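Asks: Take this structure first; my questions come after.
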Amino acid sequence: MARDIELLMDGMPDRKLLKPAEVAAFLGVSAKTIYRWCDMGLMESVKLNRSVRVPRASVVNFLSCGKDDGFDSEE
């Protein structure tokens, strides 16, 4: 399964820290949903000055754990 996720991640930018909008576009949800998931602790994030970034490893972990608790991604 980890190999499948790594293959899937080929479509993501190859940087260690990603913008929430990049993660949102990749997962097919809104950036607001990514911020909400980070606030809820479902996805790890780091703050750099006033910017939020999501570690690429956090996206891999999120996908591999199947953390989809049924939250509505609609705004």
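Readers should treat all values here as calculations from the given coordinates under stated rules, not as data from a laboratory. Since the structure is predicted, the reported quantities are computational estimates derived from the model, not experimental observations.
Asks: Can you list residues whose amide H is under 5 Å from Leu17's amide H, if they're 5+ apart or on another chain and H is modeled 1.01 Å from N?
Replies: Residues meeting the criterion, in which the H sits 1.01 Å from N, are Arg56.
Asks: Taking 0.36 nm per residue of separation and subtracting the Cα-Cα distance, what length does fully extending Arg15 through Glu44 add? Present the calculation step by step, with values, prior to reporting the outcome.
Replies: On the way: separation 29, 0.36 × 29 = 10.44 nm, distance 1.54 nm.
That works out to 8.9 nm of additional length.
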